[in-house]
Amino acid sequence: MAGLSGWPAFAGCLILYGAMDALLSFQNASLTFPRGHRHVVRALADVSLDLARGELMAVLAGRAQGKTTLLRAAAGFDKPVRGKVLYKGRDLSRLSDRQLSGLLSKQIAFVEPIGPDLDLPVISHVALPLLAMLSENVAYERANTTLRRLGADEYADQRWSSLADSERVLATLAQGLVREPELLLVDDLMATLGMGATEQIGRLLHTIAREEEMSVLMSTSDAEATTWFDRVATLAGGELYVPPPSEPDGNVIDFPSDQPRSA
Amino acid sequence: MGRTATAPGQFGGEVILGLLTEELSGSYQLDRRLAERFGSVGYANGMAKQTLKRLREAGLVRPVDAEADVTPPPGVSRAEAIMYEPTSAGIKHFRRWMWASITAPPVREELHAKIALCQPNDMPRMITLVREAVAVCAGRLQDLNVETQARRKRADPERWSSRMDVIVTGGDQAWWESRIKWLQRVRIYLEQEWRAYQAGLHSQVA
C-alpha cells in the first residue's frame with residue numbers, strides 16, 4: 001500500500017501519464033441543455049479526463065447521469081459551453097463539419113445500442129459505413145473480416161431482427177470496428193447481456209484494442225462490463241471522477257486513509 | 001479485499017459525543033437513541049455505558065450533576081441514569097472527527113454516522129467526504145479489475161474454477177457498483193439540500 005509520502009509522488013506520475021500521450025482530452029468541459037424557458041440541465045460539469053493511446057476507460061454511471069452526453073461530446077456531436085474537448089490536440093468544436101465528418105468516418109467510431117431502421121442482413125449493416133469510401137466488394141470483404149474476428153461471421157447473413165441480444169452487441173461493435181478507428185466510443189452497449197457474455201465480449205474488445213492500439217471510451221451502467229478496462233471513471237449529475245491508474249500488481253492505493261485526520 | 005466496514009467501536013466514542021452535543025443523556029437513553037438513529041449498524045446494548053466510561057477518563061465528557069438525587073426509571077440503575085454532557089475538549093474532538101476524512105473504505109457506517117449527526121453548516125464538508133468515498137470505491141473497483149485481468153490471463157478460461165471466478169468477481173463488482181451509485185446519489189441529494197438551506201427553504205434545521 002502506498003504510504004502517506006507515496007501519495008503525492010503517485011499523483012505526480014498520473015499527471016504525467018495523462019499529459020504524455022493523450023489521444024482524447026476533456027479540459028474543464030461543461031455542457032448544459034435548456035429545459036423550458038427558465039431552467040438548464042447540467043449534463044457535464046467541469047469534466048476533465050485524458051485518454052491515452054491504447055487505453056481502455058469505462059465510465060460507470062446510473063441512468064440519466066450524462067453518459068451519452070459525455071460520449072457525444074467526445075465524438076464532437078455536442079459542443080461544450082465552457083472548456084474544450086481535444087482529439088489529438090485539436091479542439092473538436094473548432095473543426096468544420098467536413099473536418100469532423102472526416103474524423104468520424106476514419107478515426108473515431110461511435111456505437112450505441114440503437115437498432116437500425118432497416119431490417120437488412122448483418123453484413124450489410126456492418127459494410128454500410130464503408131460504402132462511401134470503398135468499393136462494394138472491398139467494403140463487404142472488410143465487414144466479413146471484422147465479423148469473423150468477433151466470432152460473429154456465422155450470422156452475417158441473418159437479418160437484424162432475428163439476432164439475440166449478445167449477437168446484436170457484437171454486430172454493433174463490428175459497425176464501429178470495421179472503420180479501424182483509433183478511438184472507439186461505446187455507449188452502454190452491454191447492459192442487456194448476461195454474465196458469461198459480458199465477460200467474453202469485454203475480453204474480446206480488450207484483445208482487439210491491445211492488438212490495434214485502439215483507445216476505447218465506454219459508458220456503462222454495469223460494473224461487470226468494466227472488467228477488461230484499464231480505468232473505471234464514475235459519472236453522476238454531470239460530474240466525472242477518474243481514478244489514477246491502478247498499479248499493475250493490483251495493489252490498493254488507500255486514498256485518504258493515511259492522511260492526517262485533521263480538519 | 002477489505003470489504004468489512006470500520007467496526008462501530010472504532011468511532012463509537014465520536015457517535016456518543018455527537019448525541020450528547022445534541023442532547024444531554026444518560027447511558028440508558030443513549031442506548032435507546034443509538035438504536036433509533038443507527039439501528040442498521042447494530043451497536044450492542046450497553047455500548048454507551050462502556051463508551052461513556054472511556055470518554056470520561058479521557059476528559060471528553062462529564063456528569064452533569066453526579067450528586068443529584070436521580071430517580072431512575074424501573075429496570076435502570078442509578079449509574080445508567082446519570083446525565084452526561086460533553087466537555088469543551090469533547091466538543092472539539094467531535095468537530096475534528098466530523099470534518100476528518102473517512103478512515104477506511106467502504107466507509108458505510110462511519111459516513112452514515114457523520115451524515116446522521118451533521119448540521120446544515122457541515123454539509124459542504126459532508127459533500128467532500130462523499131466525493132472522497134466515491135474516489136476510494138472507484139479506485140477499489142479498478143484495482144479489482146486489474147487483479148482479475150491478471151488472474152484470468154494466466155488461467156485457462158475453460159477450467160471450472162475460471163467459470164466460477166466470473167461469478168465471484170461479478171459479485172464483488174456488483175457490490176462496488178451499488179456503493180458507488182448510492183454515494184453519488186447521496187452527493188447529489190446533499191448538494192440539493194445545501195442549496196435549499198442557503199436559499200432559506202429549510203425553516204427547521206435541528
Taking B:Lys92 as meeting all but one of (1) closer than 29 Å to B:Leu19 by Cα; (2) part of a helix (DSSP H, G or I); (3) touching a residue at least 40 places away in the same chain (Cβ under 8 Å); (4) more than 7 Å from chain A (Cβ to nearest Cβ), write down the number of the exception. (3)
Please give the number of the condition A:Ser124 fails out of (1) surrounded by 15 or more Cβ atoms within 10 Å (Cβ to Cβ); (2) within 30 Å of B:Trp176 (Cβ to Cβ). (2)
Considering only residues that are in contact with a helix residue (DSSP H, G or I) (Cβ under 7 Å, 6 or more places away or on another chain) and part of a loop (DSSP other than H, G, I, E, B), look in segment B:154-185 and name the one that is surrounded by the fewest Cβ atoms within 10 Å (Cβ to Cβ). B:Asp156
Please name all residue pairs, on different chains or six or more residues apart, with Cβ atoms under 7 Å, provided the first residue is in segment A:85-112 and is on the phi > 0 side of the Ramachandran plot and the second residue is surrounded by 14 or more Cβ atoms within 10 Å (Cβ to Cβ). A:Lys88/A:Leu23
Run down B:Leu201, B:Leu117, B:Leu190 and say which single residue is farther than 27 Å from A:Ala191 by Cα, more than 9 Å from chain A (Cβ to nearest Cβ) and surrounded by fewer than 18 Cβ atoms within 10 Å (Cβ to Cβ). B:Leu201
Sole miss for B:Ala138 among (1) closer than 30 Å to B:Ala58 by Cβ; (2) touching a Pro at 6+ places or on another chain (Cβ under 9 Å) is condition (1)
Where in segment A:132-232 are there helices (runs of 4 or more DSSP H), lying wholly inside it, with at least 1 residues that are within 14 Å of chain B (Cβ to nearest Cβ)? A:195-212
So which residues in segment A:162-189 are aliphatic (A, V, I, L, M) and in contact (Cβ under 8 Å) with a residue 40 or more places away in the chain, if there are any at all? A:Leu163, A:Val169, A:Ala171, A:Leu173, A:Ala174, A:Leu177, A:Val178, A:Leu183, A:Leu184, A:Leu185, A:Val186, A:Leu189
Starting from segment B:162-181, keep only residues that are among the small types (Gly, Ala, Ser), then list their pairs with residues that are crowded, with 19+ Cβ neighbours inside 10 Å whose Cβ atoms are within a distance under 8 Å, requiring at least 6 positions of separation or different chains. B:Gly170/A:Glu224; B:Ala174/A:Ala223; B:Ala174/A:Glu224
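Just for segment A:50-77: of the residues that are more than 13 Å from every other protein chain (Cβ to nearest Cβ) and part of a strand (DSSP E or B), which one is nearest to the chain's Cα centre (by Cα)?
Taking segment A:50-77 as the starting set, the residues that turn out to be more than 13 Å from every other protein chain (Cβ to nearest Cβ) are A:50-54, A:68-77.
Right, trim to part of a strand (DSSP E or B) and you get A:50-52.
Working: A:Asp50: 12, A:Leu51: 10, A:Ala52: 12 Å.
Among them, the one singled out is A:Leu51.
None of the figures in this text is laboratory data; all of them are computed from the coordinates on show. Just so you know, these numbers come straight off a predicted model, no measurement behind them. With ideal geometry, Cβ positions are generated from the backbone for all residues, glycine too; neighbour counts draw on all protein chains shown.
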